[in-house]
Amino acid sequence: MEMMSVKDYWFDLPQEQIAQDPLPDRSSSRLMLLNKETGEIEHKIFRDIVDYLQPGDCLVLNNTRVIPARLFGVKEGTEAKIEILLLKRMENDIWETLVKPGKKAKIGTKIIFGEGLLVGTVVDIVEEGNRLIQFAYEGIFEEILDQLGQMPLPPYITHKLKDKNRYQTVYAKYDGSAAAPTAGLHMTPELLEQIKAKGINIAEVTLHVGLGTFRPVKEENVLEHHMHSEFYRITEEAAELINRTKEAGHRVICVGTTSCRTVESAADENGRLQACSGNTDIFIYPGYKFKVLDALITNFHLPESTLIMLVSALATREHVLAAYETAVKEGYRFFSFGDAMYIY
């Protein structure tokens, strides 16, 4: 079996450079430009992105919505506190969830949320100790969730979020993510209008982001890391727009690693897309040949994460680690609420 060492993706990130709070103005984060061929770096502000997109280019956005998936309840009978995280919707009001503390959640356990507005029953135990929970409620599940749930911020963010919408892109449409497609958090309605006015097309795809995205790679050999599977959908309209862009010799620019993984999962070997939906566990790392994507807008990722490997597949590990070293030195903000990079 080939070997790719996780240690090759280590860099020293001071804890205080992981952004704990979003900026008041989304588009005023910093933007690092990285030329994937030469490794050349420039420093801009995110709203300058419009100057680096050309008429005829196509920007691919992931229009998933984060659900307020973190729920705090008590175990029926003992009143013991239990926290759950909704991971994936199954049928019949059953969800795959992560339960803390897991040992309190045996099959048959009932958990009460919001004084009974929502009641969950553990019906099964699945891989990695996740629980299947069936919910009972009156009314509309989404509305109850909105009332009781909190945003499932990644573990590296310890501050409480003041405004739920700040962990949601301005174009979020379809409920289903356990984490935001964070590169899109820098976009504002005004900036999107400017981009369209310049003659740049926008294609929307959907990938419901699972928390697996943030799992650090634990295996010494990266190739043994197993990606969680995530649901995606590409519409007829988005597929046609992306295909036309490629045929005309223009660029497809993905906003975020999730948009990137969606189009790369769905493309045939000639890089063409059709309307489709399904589950993907695509893991992109150096050696991967991109079939659709030409350029990428993405945030700064954590050491040894699958995301820094994806970025390295596009711009080479050497260029990426050099750029990250510069970012650390220049005080860039990392991760979900941090600054952005445009790799072209």
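Here are R26, R70: which of them is touching a Pro at 6+ places or on another chain (Cβ under 9 Å) and not hydrophobic (A, V, I, L, M, F, W, C)?
R70
Quick one: would you say T158 is polar (S, T, N, Q) and modelled with pLDDT of 95 or more?
For T158, the condition - polar (S, T, N, Q) and modelled with pLDDT of 95 or more - is not met.
Output the qualifying pairs, or none if there are none: Cβ atoms under 7 angstrom, residues six or more apart or on different chains, first residue in the stretch 236-253 and free of Cβ contacts under 8 Å to residues at least 24 places away in the same chain and surrounded by fewer than 17 Cβ atoms within 10 Å (Cβ to Cβ), second residue hydroxyl-bearing (S, T, Y) and part of a helix (DSSP H, G or I).
Note: no pairs meet the criteria.
Name the residue, out of E42, E79, E37, that is assigned by TED's automatic domain parsing to the domain that holds E237, part of a loop (DSSP other than H, G, I, E, B) and of a type in the set (D, E).
Among E42, E79, E37, only E37 is assigned by TED's automatic domain parsing to the domain that holds E237, part of a loop (DSSP other than H, G, I, E, B) and of a type in the set (D, E).
What's the number of the only condition in (1) surrounded by 15 or more Cβ atoms within 10 Å (Cβ to Cβ); (2) over 28 Å from A266 (Cα atoms); (3) among the polar types (S, T, N, Q) that T78 fails to meet?
(1)
May I ask you to say which residue of E91, E190, E115, E96 is in a helix (DSSP H, G or I) and not assigned by TED's automatic domain parsing to the domain that holds H228?
Only one candidate qualifies: E115.
Out of the residues in the stretch 134-159 that are surrounded by fewer than 11 Cβ atoms within 10 Å (Cβ to Cβ) and not assigned by TED's automatic domain parsing to the domain that holds T121, state the one that is nearest to L86 (Cα to Cα).
P155
I need a count of the residues in the stretch 1-17 that are among the acidic types (D, E) and in a loop (DSSP other than H, G, I, E, B).
2
Surrounded by 14 or more Cβ atoms within 10 Å (Cβ to Cβ) and over 20 Å from V66 (Cβ atoms): does that describe T121?
Against the criterion (surrounded by 14 or more Cβ atoms within 10 Å (Cβ to Cβ) and over 20 Å from V66 (Cβ atoms)), T121 qualifies.
Residues in the stretch 118-167 that are farther than 27 Å from N92 by Cα and in a loop (DSSP other than H, G, I, E, B): how many?
Adding up the residues that qualify gives 10.
Matching residues to (1) touching a residue at least 60 places away in the same chain (Cβ under 8 Å); (2) out of contact with any Asp or Glu (no Cβ under 6 Å at 6 or more places or on another chain); (3) not basic (K, R):
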site	(1), (2), (3)
R166	yes, yes, no
K173	yes, yes, no
S177	yes, yes, yes
G184	yes, yes, yes
L192	no, yes, yes
T213	yes, yes, yes
V217	yes, no, yes
H226	no, yes, yes
I234	no, yes, yes
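Name every residue in the stretch 301-323 that is in contact (Cβ under 8 Å) with a residue 60 or more places away in the chain, in contact with a strand residue (DSSP E or B) (Cβ under 9 Å, 6 or more places away or on another chain) and of a type outside the set (V, I, T), in order of residue number.
Within the stretch 301-323, L302, L307, L314, A315, H319, A322, A323 qualify.
Which residue out of I343, I282, I297 is crowded, with 23+ Cβ neighbours inside 10 Å and among the β-branched types (V, I, T)?
After ruling out the rest, the residue left standing is I297.
List the number of the failed condition for Q54; all other conditions in (1) polar (S, T, N, Q); (2) over 20 Å from the mean Cα position of the chain (by Cα); (3) under 30 Å from C260 (Cβ atoms); (4) at pLDDT below 95 hold.
(4)
The values are calculated or read from the model by the stated rules, or taken from the named source; none is laboratory data. Keep in mind it's a predicted model, so treat the numbers as computed, not measured. All Cβ positions, even for glycine, are placed from backbone atoms using ideal geometry, and neighbour counts span all protein chains on display.
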